[in-house]
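J.: This is the structure I want to talk about, given as structure tokens.
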Amino acid sequence: MPRAPFRFLMPTGLWRGLFRFWLSVLAANPDRRRAVRELLVSYDDVYRSLDQAAIDYDGGVHVKHRLTRYHDFFVDRVRPGERVLDVGSGKGELAYDLVTRAGASVVGVDYDPPHLAFARSRFVHERLEFREGNVLEELPEGPFDVVVLSNVLEHLPARVEFLRRLVASAAPSRVLVRVPVYARDWTVPLKAEVGLLPYWEEDHAIEYDPDGFRSELAEAGLDVTELVLTWGEIWAAAEPR
């Protein structure tokens with residue numbers, strides 16, 4: 001019988017005690033700025049581990065899909081028979097709900113092979129197609145009734161230009177967007193204050209406030225018709241001007 005990994009050879013309570021002792025050592029640093037910085041780094045380490053555990057907990061789909069019910073915002077704003085382009089479709093969870101719950105036909109596009117492999121094996125439907133591609137270089141041929149951008153814009157550098165190209169190519173009547181909010185927690189500006197990246201993910205180019213979000217979409221020729229602020233995110237609907 002194989003031996004258990006080393007971490008299981010010591011009681012959980014002892015590991016927790018050692019971890020708390022380590023945190024107390026960091027907090028006791030007389031350089032208060034460094035103490036806060038190191039504790040915030042540890043905080044992020046724990047959050048990243050929890051993030052992965054939350055995916056494993058629900059069998060490969062992050063538990064936030066179920067607990068925040070954010071799919072509902074998109075599903076409720078797509079009509080049966082509409083053709084939807086899901087840009088940055090990831091592992092396919094939302095795209096599948098748009099097909100099975102909203103009655104749409106969906107083309108999901110993503111450039112991450114492992115995510116696409118998961119989507120194609122887990123979410124199969126005759127009205128659902130997953131394509132591999134970089135939308136910054138090439139967009140699927142339109143027209144589409146609806147374009148979905150769920151946690152995509154914050155990763156892009158030239159967002160206004162991209163949105164203009166996307167709307168011109170897809171010719172949608174609606175664009176549905178989900179992006180992270182910068183002012184989601186007091187630790188966010190504190191990270192910036194002590195020299196850490198405040199964003200959720202290292203590849204984020206921006207995180208939003210409602211006014212900045214509306215202004216950016218307006219510059220791209222999109223009028224925000226609905227905006228919901230919850231769970232540290234903006235969920236919005238917009239229409240081409």
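The values are calculated or read from the model by the stated rules, or taken from the named source; none is laboratory data. Values in this document were obtained by computation on a predicted structure and should not be read as measured data. Methodologically, a virtual Cβ is constructed for each residue, glycine included, from the backbone with ideal geometry; neighbour enumeration extends over all protein chains shown.
J.: Out of segment 103-134, which residues are in a loop (DSSP other than H, G, I, E, B) and surrounded by fewer than 21 Cβ atoms within 10 Å (Cβ to Cβ)?
T.: Within segment 103-134, GLY103, TYR111, ASP112, VAL124, HIS125, GLU126, ARG127, GLY133, ASN134 meet the criteria.
J.: Within segment 147-183, work out how many residues are charged (D, E, K, R) and touching a strand residue (DSSP E or B) at 6+ places or on another chain (Cβ under 8 Å).
T.: Counting residues in segment 147-183 that are charged (D, E, K, R) and touching a strand residue (DSSP E or B) at 6+ places or on another chain (Cβ under 8 Å) gives 3.
J.: Is it fair to say TYR47 is over 24 Å from VAL148 (Cα atoms), without any contact (Cβ under 8 Å) to a residue 60 or more places away in the chain and of a type outside the set (A, V, I, L, M)?
T.: For TYR47, the condition - over 24 Å from VAL148 (Cα atoms), without any contact (Cβ under 8 Å) to a residue 60 or more places away in the chain and of a type outside the set (A, V, I, L, M) - is met.
J.: Could I ask something else about it? Can you say whether PHE73 is of a type outside the set (Val, Ile, Thr), in a helix (DSSP H, G or I) and in the same structural domain as VAL106 (by TED's automatic domain parsing), as far as the supplied structure shows?
T.: The answer is yes for PHE73.
J.: Checking the structure you have, find out if any residue of segment 59-68 is over 22 Å from SER121 (Cα atoms), touching a strand residue (DSSP E or B) at 6+ places or on another chain (Cβ under 7 Å) and of a type in the set (A, V, I, L, M).
T.: no
J.: For segment 53-79, give me the residue count where each residue is within 15 Å of the chain's Cα centre (by Cα) and of a type in the set (Val, Ile, Thr).
T.: Final tally of qualifying residues: 4.
J.: Moving to a separate point now. Scan segment 32-52 and give yes if some residue there is under 19 Å from the mean Cα position of the chain (by Cα), surrounded by 13 or more Cβ atoms within 10 Å (Cβ to Cβ) and not in a helix (DSSP H, G or I), otherwise no.
T.: No: zero hits.
J.: I'm trying to understand the selection: among the residues of segment 217-237, which are among the small types (Gly, Ala, Ser), closer than 17 Å to ILE206 by Cβ and under 21 Å from the mean Cα position of the chain (by Cα)?
T.: GLY232, ALA236
J.: Does ARG77 satisfy the criteria of being among the basic types (Lys, Arg) and free of Cβ contacts under 8 Å to residues at least 24 places away in the same chain?
T.: No.
J.: Right, next: Would you be able to tell me the number of residues in segment 182-238 that are surrounded by fewer than 16 Cβ atoms within 10 Å (Cβ to Cβ) and either among the charged types (D, E, K, R) or assigned by TED's automatic domain parsing to the domain that holds LEU39 (or both)?
T.: Residues in segment 182-238 being surrounded by fewer than 16 Cβ atoms within 10 Å (Cβ to Cβ) and either among the charged types (D, E, K, R) or assigned by TED's automatic domain parsing to the domain that holds LEU39 (or both): 11 in total.
J.: Quick one: count up the residues across segment 144-191 that are of a type in the set (Gly, Ala, Ser) and closer than 19 Å to GLY81 by Cα.
T.: Adding up the residues that qualify gives 3.
J.: Are any of the residues in segment 156-164 surrounded by 19 or more Cβ atoms within 10 Å (Cβ to Cβ), in contact (Cβ under 8 Å) with a residue 40 or more places away in the chain and either in contact with a Gly (Cβ under 6 Å, 6 or more places away or on another chain) or in a strand (DSSP E or B) (or both)?
T.: no
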